[in-house]
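Asker: Could you have a look at this structure, given as structure tokens, before my questions?
Just so it is clear, none of the values below were taken in a lab; they were calculated from the coordinates. Please read these numbers as outputs of a predicted model, since none were measured by experiment. Every residue, glycine as well, gets a Cβ built from its backbone with ideal geometry; the counts of neighbours run over all protein chains shown.
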There are 2 protein chains.
Amino acid sequence: MAVTARTYDASQYERPSVTVDVVIFTILDSELKVLLVKRKNWPCEGMWAIPGGFVDMNEGLEEAAYRELREETSVSGQDVYLEQLYTFGNPGRDPRTRVITVAYFALVGADKLHLPEGGLRAASDAAGVGWFSAYTPPLLAFDHAEILEYAITRLRYKLEYTAVGFQLLPERFTLRELQEAYETVLSEKLDKGNFRSKLRKSGAVEATDAYQETGGRPARLYRFRDDAVAEIKTRRLFP
Amino acid sequence: MAVTARTYDASQYERPSVTVDVVIFTILDSELKVLLVKRKNWPCEGMWAIPGGFVDMNEGLEEAAYRELREETSVSGQDVYLEQLYTFGNPGRDPRTRVITVAYFALVGADKLHLPEGGLRAASDAAGVGWFSAYTPPLLAFDHAEILEYAITRLRYKLEYTAVGFQLLPERFTLRELQEAYETVLSEKLDKGNFRSKLRKSGAVEATDAYQETGGRPARLYRFRDDAVAEIKTRRLFP
DNA sequence: GTCATTAGTGTCAAAGTTACACTTAGCAGT
DNA sequence: ACTGCTAAGTGTAACTTTGACACTAATGAC
């Protein structure tokens, strides 16, 4: 920070705007979905965009990201995984003025979503909200396609090395559901036996005594053991 | 970016300042060193700080980081590894005004350094420059201790999974020097045989026909094969 | 009962990791 | 010129992880 710069009277310089954008992922219908909002105003009106907003003067960045998340999905802080992604600041990425955006990505369990569809906030710049397939999104405003791509790459990395995938599922889930979530995000088939034995060794989940109906033999429901996260974070969890 | 926020007339809001800070690492005397500057002015005058400066209105973030790097070390873009680290933006991290800083980290080969000591820039906020042990830095200004810690963590990660360690060494190096660089950064002893066989399999280096004197048998000098980087980046290089 | 379907476990070969011992090449002292 | 020291550089064998695949178990439909 401002250490070796020319001596600086802060008030006399033009300053960029700073926003946070939050790439919100969930899994619906066995697909990785991202939440997008439709722009109402110039520029890029009518196009879809990653939700975001200006950082208030007395608000931390993460705080702002949580606020956006709450405004968009009514999901509270405890129920999501939120992580800073990257900061995008090319001059010219927004035609109005210099805007630097700190992008976050969030994982929300489908069960946590009281879908915002129809329940749009009042004083909004958005003309609509919806979940879109993350791999085949509509044409996006500004440089948001780049941000989304970056978020997907990071999500895949995270999933391979940490236990963060649980955040995409309801609190209790079958191992098949978990495996499908991983397969969806990684776009890759995993071996059932190997997936399960690795999970067992990691100690990341514990069995509940409930079962879920399926087409065949009922599947045991599992729960994520959050006290195990710390360990797991360090070693690779899945192939 | 600014999508769902209240309708927004940019001119009427107060805006934060945005800076870039660059954590510059090198290896000197078998130690991981970080470049720090001594602050001349309030606040935190007399304390050491990570070099940084304000982002100009028409300048990209990475561009600004390269500029800082050049100003501080006279090292050009080709000779360094530079990567965005994290954005720190707690209100109150700078007592003067709201400052959001985009932190970068840089790896510079010791041979590239025309040391800035004595050759300080003129119109500077800094009263001194120096290389410090990254693990036992002096008391740092603002939240720079946190930034440094974060940078070290990231550097270690990077080193384990990519071939980025070469950036810390001169163009030609012995395998022992390379191993020592890794050991220094990871703070961990590595096995000579395993280190070498892994390197051989990876194809990351090629032998030159020069040798370097040592206490015993002379050591072959190697060169980094930059055409191999692309592949290596994806798989884990060292234990 | 049989069949279809999905849950869940076990095995084994191939690949990778780790610890450690060995050979090689230069230098210095006698 | 031999001996011993130092550091370069290679090899091997036990162990662990991985990946492919086959097998058994529990339920509903017929």
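Asker: Just to check I understand the Karplus step: with θ = phi - 60° and J = 6.51 cos²θ - 1.76 cosθ + 1.60, what whole-Hz values come out for segment A:87-101, glycine and proline as x?
Answerer: Values, residue by residue: 10, 9, x, 4, x, x, 6, 10, x, 6, 6, 5, 10, 9, 10 Hz.
Asker: What is the calculated FRET efficiency for residue A:207 to residue A:160, with r their C-beta to C-beta distance and R₀ = 30 Å, to the nearest 0.05?
Answerer: Efficiency for this residue pair is about 0.80.
Asker: Continuing with this model, one more query. At 0.36 nm per residue, and after removing the present C-alpha to C-alpha distance, how many nm does the segment from residue B:78 to residue B:192 gain when stretched out fully?
Answerer: Residue separation times 0.36 nm, minus the Cα-Cα distance, leaves 38.0 nm.
Asker: Ok, one more. Could you tell me how far the Cα centroid of segment A:29-74 sits from the Cα centroid of segment B:39-106, in Å?
Answerer: Using only Cα atoms, the two centres lie 28 Å from each other.
Asker: Continuing with this model, one more query. Got a sec? Which residues in segment B:194-219 would a label at residue B:111 touch, if it sits 7 Å along Cα→Cβ and we count backbone N under 17 Å?
Answerer: Within reach of a label on residue B:111: B:205-214, B:219.
Asker: Quick one: if you stick a label point 7 Å off each Cα along the C-beta vector at residue B:96 and residue B:180, how many nm between them?
Answerer: 4.1 nm
Asker: In segment A:136-234, which trypsin sites (Lys or Arg not before Pro) are in a loop and have at most 11 other Cβ atoms within 10 Å, using DSSP for the loop call?
Answerer: Listed in order of number, the matching sites are A:189.
Asker: In nm, what is the difference between 0.36 nm times the number of residues separating residue B:28 and residue B:226 and their Cα-Cα distance? Before the final figure, lay out the partial values.
Answerer: Working: separation 198, 0.36 × 198 = 71.28 nm, distance 2.32 nm.
Extra length available between residue B:28 and residue B:226 comes to 69.0 nm.
Asker: Another question, if that's okay. Label position 7 Å from Cα toward Cβ: report the copy-to-copy distances for residue B:171 in nm, one decimal, ordered from shortest.
Answerer: Shortest to longest, the spacings are 6.3 nm.
Asker: Now a separate question. List every residue whose amide H lies under 5 Å from the amide H of residue B:174, counting only residues 5 or more places away in sequence or on a different chain, with H placed 1.01 Å from N in the peptide plane.
Answerer: B:222
Asker: Still on this structure: Please give me the summed charge of the neighbours of residue A:211: other residues whose Cβ is under 12 Å from its Cβ, Lys and Arg +1, Asp and Glu -1.
Answerer: Numbers: positive: A:172, A:217, A:220; negative: A:209, A:213.
Result for the neighbourhood of residue A:211: +1.
Asker: Now for a separate question. Give the shape of segment A:168-232 as rounded, prolate or oblate, defined through the alpha-carbon gyration tensor: a ≥ b ≥ c are the square roots of its eigenvalues, a/c under 1.5 means rounded, and otherwise the shape is prolate if a/b is larger than b/c and oblate if not. Show your work: numbers first, answer last.
Answerer: Details: a/c = 1.58, a/b = 1.08, b/c = 1.46.
Cα axes put segment A:168-232 in the oblate bin.
Asker: If Lys and Arg each add +1 and Asp and Glu each add -1, what is the summed charge of the other residues whose beta carbon sits under 13 Å from the beta carbon of residue B:75?
Answerer: My count for the surroundings of residue B:75 gives -2.
Asker: Something else now. With a ≥ b ≥ c taken as the square roots of the eigenvalues of the C-alpha gyration tensor of segment A:23-102, please select rounded if a/c is under 1.5 and otherwise prolate if a/b is larger than b/c or oblate if it is not?
Answerer: Cα axes put segment A:23-102 in the oblate bin.
Asker: Would you mind listing how long segment A:15-160 runs along its three principal axes, going by Cα atoms, in whole Å with the largest first?
Answerer: 41, 33, 32
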